[in-house]
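Please read the structure below before turning to the comments.
The values are calculated or read from the model by the stated rules, or taken from the named source; none is laboratory data. What you are looking at is a predicted structure, and each value in this text was computed from that prediction instead of being measured. Note: ideal-geometry Cβ built from the backbone for every residue, glycine included; neighbour counts use all protein chains shown. Only protein heavy atoms, including side chains, enter the accessible area calculation; ligands, DNA and RNA are left aside. Shrake-Rupley method; radii C 1.70, N 1.55, O 1.52, S 1.80 Å.
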Amino acid sequence: MSTKARNTLNQVLINGSLTIICILWTIPTIGVFISSFRTRFDIQTSGWWQVFPHREWQMTDELADEDLPRDFDIDIPFAIPAVGDVEYSFDEWREGVETPDGKRVQWIGNKRLGRVEIQEEVWTSALATEPVWEQTLLLEGDDLNREFDNDAPFAIAQVGPDEFTFDEWREGVETADGKRVQWVGNKRIGRLEVQEEVDRIQLTFDNYRNVLTGKNFEIKDAEGNVKTERGPDMSGAFLNSLAVTIPATIIPISFAAFAAYAFAWMRFPFRRALFIMVVAMLVVPLQIALIPLLRDFNGLNINGTFLAIWLAHTGFGLPLATYLFYNYISALPRETLESAFIDGASHFTVFMRLILPLSMPAIASFCIFQFMWVWNDYLVALIFLGGQNKVVTMRLAEIVGSRGNDWHLLTAGAFVSMILPLIVFFSLQRYFIRGLLAGSVKG
Amino acid sequence: MATTASNQSVEERSWERVNFGSILLGLALLAGTIYLLFLGFKFLQTPEVYVTGFIDPLEQPLALKSIITLFAIIWGVAGMAIVFYLLNMIADALPYYLRQYVTPYIFVLPASALLIYTLGLPTVRTIRTSFFDRNNENFVGWENYAEVFTSRIMLTAFRNNLLWLVFGATLSVVIGLVIATLADRSRFEKLAKSIIFLPMAISFVGAGVIWNFVYVVRDESSQQIGLLNAILVEFGFEPQAWTTTLWINNLVENSGGIQAWQAALPEWLVEYGLLGGAHNFFLIVIFVWLQAGFAMVLFSAALKGIPNELLEAARVDGASEWLIFFRIMIPSIWGTIVTVSTTIIIASLKIFDIVRVMGRGQASTQVIATQFYQEINVTNNKGLAATIAVVLLVAVIPVMIYNLREFSQREAF
């Protein structure tokens with residue numbers, strides 16, 4: 001093979017395998033995203049991939065009960081007269097037998113009570129359903145003309161020009177444009193219901209609405225019964241996450257930047273010892289700190305509040321932040337700083353006016369990194385937060401634990417918890433990567 | 001900094017230049033700020049009490065939450081900024097030689113003090129607690145340690161962490177490396193890298209939920225809604241309970257029993273006690289899904305750092321791509337490989353979220369961190385929990401030290 005051909009083949013192989021990997025990689029996420037827009041009933045009964053158009057066997061007809069043989073031997077092949085002469089075993093009937101005219105006959109259920117369906121393969125999608133009759137108009141009280149003669153046909157203005165007698169209206173009339181109209185009740189106080197056949201698309205925002213609210217909401221289940229449930233209040237949890245994450249990101253940055261500057265550009269006693277201590281703390285897994293901190297916070301009576309978790313996250317984030325900023329700040333050009341000092345600037349001024357702006361890349365990188373880390377954290381929040389202050393990860397885990405069957409809530413909840421990090425990620429990817437490259441030390 | 005000292009005139013070092021007014025003002029403002037902060041703290045403890053004046057906390061929980069959030073953010077961030085500023089103002093007003101001493105500590109002490117308090121001191125205290133009993137009252141010596149290393153649950157947890165470590169780290173590194181190499185030569189490199197990297201933005205809990213939809217199993221007679229089982233059923237196999245978590249599979253009787261696919265595994269897996277651990281693998285897949293992107297990013301950066309001339313020279317000499325990959329590229333980025341591996345190993349030792357969310361109560365998938373949580377919140381055995389934490393510390397230290405050494409030898413930015 002020529003080099004050019006080989007190169008093209010290589011390119012195809014590389015791009016091809018990369019594409020496959022990428023698709024596989026995103027499938028789980030896409031599945032949940034699609035599911036979050038489906039109704040609860042749909043999620044529980046069909047896979048999310050069925051939203052895409054596909055061919056499926058759907059029932060078009062059903063055999064009458066008397067046409068079904070009931071006294072056959074399940075081990076011996078038998079024929080169903082209404083269908084044809086060919087004999088199949090009971091298991092084969094249950095799996096479905098394809099007839100020459102492209103249809104399929106399938107025995108659903110057991111021998112005694114089952115039924116036989118005739119099925120056709122059609123293009124369908126879980127989105128489209130059978131059209132249903134839904135009430136589109138209700139006329140009551142003064143909206144209706146009540147001055148009519150019971151025996152003479154009359155027309156109802158809002159419906160159309162056709163005239164029907166009162167009895168016909170009461171039985172129900174199908175108009176030319178496909179509506180169903182029915183007068184319910186007597187002449188004086190009855191009402192008029194108008195129904196239309198509506199194509200229902202099974203996509204809904206309800207899941208998001210229900211997962212965000214903390215109040216009771218109503219939900220229709222498969223049989224049409226309406227149940228009242230309590231929403232898991234993800235919107236509150238979202239605000240809590242914000243309240244926890246923003247200070248837990250900004251405060252460590254400021255503490256660490258100050259300290260890093262001091263370590264890098266100042267001389268003072270115990271400088272080396274303190275710095276070694278800071279770096280040594282990188283090693284400590286945060287589980288070590290949890291028991292004593294918990295005890296202290298209980299004593300101070302701040303357990304469960306934001307202050308507790310800010311302290312915890314600031315403390316846990318400081319070693320990495322200080323180390324990162326120290327690396328960066330100590331690499332800043334000496335001459336710039338020295339000229340500022342010669343001009344009489346104090347350390348504070350130099351820090352605010354020079355160091356901070358110059359360190360923006362490092363600060364931005366750590367900022368994103370810490371933001372993601374705190375937002376997605378579960379363990380620390382679980383230990384230190386409680387009651388009204390739960391964050392999105394905790395709420396999501398709660399839904400999983402206590403309402404594991406409420407998948408409609410899970411899907412929407414998962415995305416509510418992910419939307420902000422994803423936005424941050426997409427818009428500030430460059431900084432996040434930089435933060436990773438520099439901060440791969442944090443486990 | 002020695003230059004600044006000599007540049008100061010003699011006058012500046014004397015007491016007459018001290019601005020007592022400034023110092024007093026600074027101290028007064030500081031006291032005021034601290035008092036305000038304290039008031040804010042009181043508000044945050046029970047906010048409902050204070051807002052009933054202008055909104056109804058019960059009727060408008062969202063409004064209440066927004067108020068609290070905004071207040072909390074301003075209080076935390078602005079409060080701390082003001083304190084810093086005031087401290088510096090005081091320090092700047094001090095006589096020169098005092099200033100030299102005080103200023104560095106103003107800069108350094110907040111961070112150091114907080115660090116000592118949240119990480120340093122607790123290490124000592126936790127180690128101490130590990131030698132005491134469940135309520136931290138009586139000294140029990142090495143009893144807790146004995147229990148940790150002999151109890152069946154803990155040994156299972158150790159075995160599981162080992163599985164996570166070996167397979168999680170290896171797979172993440174390998175996949176990350178492969179993808180980084182592929183992406184490096186592909187046309188849509190940026191897009192591919194973004195996609196692979198995306199899961200890093202997702203929390204472990206969220207990832208657990210997402211993969212739940214892949215693993216879920218339904219009774220044979222009803223339609224499968226989990227992707228993996230749907231594929232299996234299409235090919236004529238029976239649906240399997242991949243993670244056997246009770247809360248997913250209410251319809252299937254499978255708690256603890258041997259699964260069909262487990263029965264198909266070879267004998268030696270059963271003998272070596274790895275059978276029960278098989279459930280871990282499906283959780284590890286989630287972990288790899290999350291971490292491979294991290295590995296890929298670092299490897300990609302490292303690969304781009306290999307001088308092109310090196311690779312070109314090898315190609316001119318007639319080396320095949322495989323040879324180049326194994327003999328040149330991998331050794332060149334070995335430092336990064338070590339860093340990435342150690343970081344992922346540490347993450348796998350600390351793994352908590354995935355196991356807790358997806359493997360609730362399932363003994364075969366417990367790990368060190370979940371056991372730790374179990375002891376704290378469920379069994380309430382503080383001594384044992386502390387012991388587990390110390391074990392984790394000891395396990396992590398050598399890896400961390402190795403990681404730090406490699407890290408400090410690389411360019412940070």
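At-a-glance table
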| item | result |
| --- | --- |
| Heavy-atom accessible area, 1.4 Å probe, ligands and nucleic acids excluded: residues of the stretch A:321-364 down by at least 40 Å² from chain alone | A:Tyr323, A:Phe341, A:His347, A:Phe348 |
| Protection-proxy order for peptides B:334-341, B:112-119, each taking the mean of Cβ atoms within 10 Å per residue, highest first | B:112-119, B:334-341 |
| Accessible carbon and sulfur surface of chain A relative to its total accessible area, %, 1.4 Å | 55 percent |
| Chain A - charge dipole about Cα centre, Lys and Arg +1 at Cβ, Asp and Glu -1, debye rounded to 20 | 4880 debye |
| GNM result for chain A, Cα springs below 10 Å: residue of A:Pro161, A:Pro357, A:Pro292 fluctuating most strongly | A:Pro161 |
| Dipole of the stretch A:222-310, positive direction: furthest Cα of A:Val284, A:Phe258, A:Ser241, with charges on the beta-carbon | A:Phe258 |
| Protein accessible surface hidden between B and A, which excludes ligands and nucleic acids, total in Å², probe 1.4 Å | 11000 Å² |
| Using alpha-carbon coordinates, inclination of helix A:271-280 to the longest axis of chain A, degrees | 20 degrees |
| Cβ-based net charge around A:Phe425, under 15 Å, with every Lys or Arg adding one and every Asp or Glu removing one | +4 |
| Environment charge of B:Thr126, counting only residues whose C-beta is closer than 11 Å and scoring Lys/Arg +1, Asp/Glu -1 | +4 |
| Note, ³J(HN,Hα) from phi for the stretch A:242-257, Karplus 6.51, -1.76, 1.60, rounded to Hz, x at Gly and Pro | 4, 4, 7, 6, 4, x, 5, 9, 6, 5, x, 4, 5, 4, 5, 5 |
| Neighbouring partner chain Cβ atoms per residue of B:292-300, average, 10 Å criterion | 2 |
| Whole-percent pair-distance distribution, where bins are 5 Å wide, for the alpha carbons of the stretch A:244-297 | 4, 15, 16, 21, 23, 13, 7, 1 |
| Entries in A:Lys4/B:Lys190; A:Lys390/B:Lys190; B:Lys65/B:Lys190; B:Lys193/B:Lys350 that, when Cα-Cα distance is taken, lie over 29 Å | A:Lys390/B:Lys190; B:Lys65/B:Lys190 |
| Cα coordinate range in the stretch B:129-181, projected on the principal axes (Å, largest first) | 57, 20, 14 |
| Carbon + sulfur, % of accessible area of the stretch B:25-106 - ligands and nucleic acids excluded, 1.4 Å | 77 percent |
| Size of electric dipole in the stretch A:1-118: Cβ of Lys, Arg +1 and of Asp, Glu -1, about Cα centre, debye, nearest 20 | 1280 debye |
| Calculated from backbone phi, Karplus (6.51, -1.76, 1.60) coupling profile of the stretch A:144-157 in Hz, x at Gly/Pro | 9, 6, 10, 9, 10, 8, 4, 9, 9, x, 9, 9, 10, 3 |
| Rounded accessible area per residue of chain A, 1.4 Å, Å² | 48 Å² |
| Exercise: per-residue mean of other protein chain Cβ atoms within 10 Å, B:174-184 | 2 |
| Relative contact order computed over chain A (Cα-Cα under 8 Å; 6+ residues apart), in percent | 15 percent |
| Signed unit charges on C-beta, dipole axis of the stretch B:150-229, positive-most listed residue B:Thr181, B:Ala157, B:Ala207 | B:Thr181 |
| For the stretch A:290-441, average projected area of the Cα convex hull in nm² | 12.0 nm² |
| Alpha carbon convex hull of the stretch B:135-213, volume per residue in cubic angstrom | 168 Å³ |
| Three semi-axes of the equivalent ellipsoid, the stretch A:288-347, Cα gyration tensor, whole Å, largest first | 39, 14, 7 |
| Per-residue [θ]222 nm for chain A (sum of -39500 (n - 2.57) over DSSP H runs n ≥ 4, rounded to 500) | -15500 deg cm²/dmol |
| Two-site label geometry, A:Asp149 and A:Thr26: point separation in nm, points 7 Å out along Cα→Cβ | 7.1 nm |
| Per-residue ³J(HN,Hα) for the stretch B:97-104, Karplus 6.51 cos²θ - 1.76 cosθ + 1.60, θ = phi - 60°, Hz, x for Gly and Pro | 5, 5, 4, 4, 7, 6, 4, x |
| Convex hull volume per residue for the stretch A:1-160, taking Cα atoms only, in Å³ | 346 Å³ |
| Where Rh is the Kirkwood radius over Cα pairs, Rg/Rh for the stretch A:243-352 | 1.06 |
| For chain A, with +1 on Lys and Arg beta carbons and -1 on Asp and Glu, the positive-most of A:Leu356, A:Met394, A:Phe52 along the dipole | A:Leu356 |
| Average beta-carbon neighbours from other chains, 10 Å sphere, peptide B:125-137 | 2 |
| Listed peptides A:409-418, A:339-348 by packing density, highest first (mean Cβ within 10 Å) | A:409-418, A:339-348 |
| Protection proxy ranking, peptides A:114-123, B:309-318, A:150-159, A:312-321, average beta carbon neighbours within 10 Å, highest first | A:312-321, A:114-123, A:150-159, B:309-318 |
